[in-house]
Amino acid sequence: WSDAAGERLAKNSRVGKTNRGVLEITARNSAVLQELTFQKQKLLKKLQTAAGANNLRDLRFRVGEID
């Protein structure tokens with residue numbers, strides 16, 4: 001995730017579970033969520049390429065607590 005999102009965004013977000021090809025990502029706050037949303041297509045392509053994850057078809061973002 002840190003390679004795809006970059007250090008700043010990865011530090012402020014966490015990858016969750018995948019359900020039916022949709023990867024859930026939790027953002028620390030709405031500003032981080034908005035930035036992730038702007039970069040959604042780029043992030044999806046990077047994750048698909050890096051993991052060889054042809055079954056990954058979408059990203060879903062939400063605001064939540066990050067450990």
Worksheet entry | Verdict on LYS46 being basic (Lys, Arg), surrounded by 13 or more Cβ atoms within 10 Å (Cβ to Cβ) and part of a helix (DSSP H, G or I) | yes
Filtering segment 12-32 down to residues that are part of a helix (DSSP H, G or I) and open to solvent by less than 30 Å² (accessible area, probe 1.4 Å) yields VAL32
For ALA51, the lone unmet condition from (1) in contact with a strand residue (DSSP E or B) (Cβ under 6 Å, 6 or more places away or on another chain); (2) open to solvent by 50 Å² or more (accessible area, probe 1.4 Å) is (1)
Selection status of GLN48, at pLDDT 95 or above and out of contact with any Gly (no Cβ under 6 Å at 6 or more places or on another chain): no
Expected single match for in a strand (DSSP E or B), at pLDDT 95 or above, aliphatic (A, V, I, L, M) and open to solvent by less than 40 Å² (accessible area, probe 1.4 Å) among LEU9, LEU59, LEU36 is LEU59
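The values are calculated or read from the model by the stated rules, or taken from the named source; none is laboratory data. These numbers were taken from a predicted model, which means no experiment stands behind them. So basically every Cβ, Gly included, is an ideal-geometry build from the backbone, and we count neighbours across all protein chains shown. Areas reflect the complete protein model, heavy atoms only, side chains present, ligands, DNA and RNA absent. Shrake-Rupley method; radii C 1.70, N 1.55, O 1.52, S 1.80 Å.
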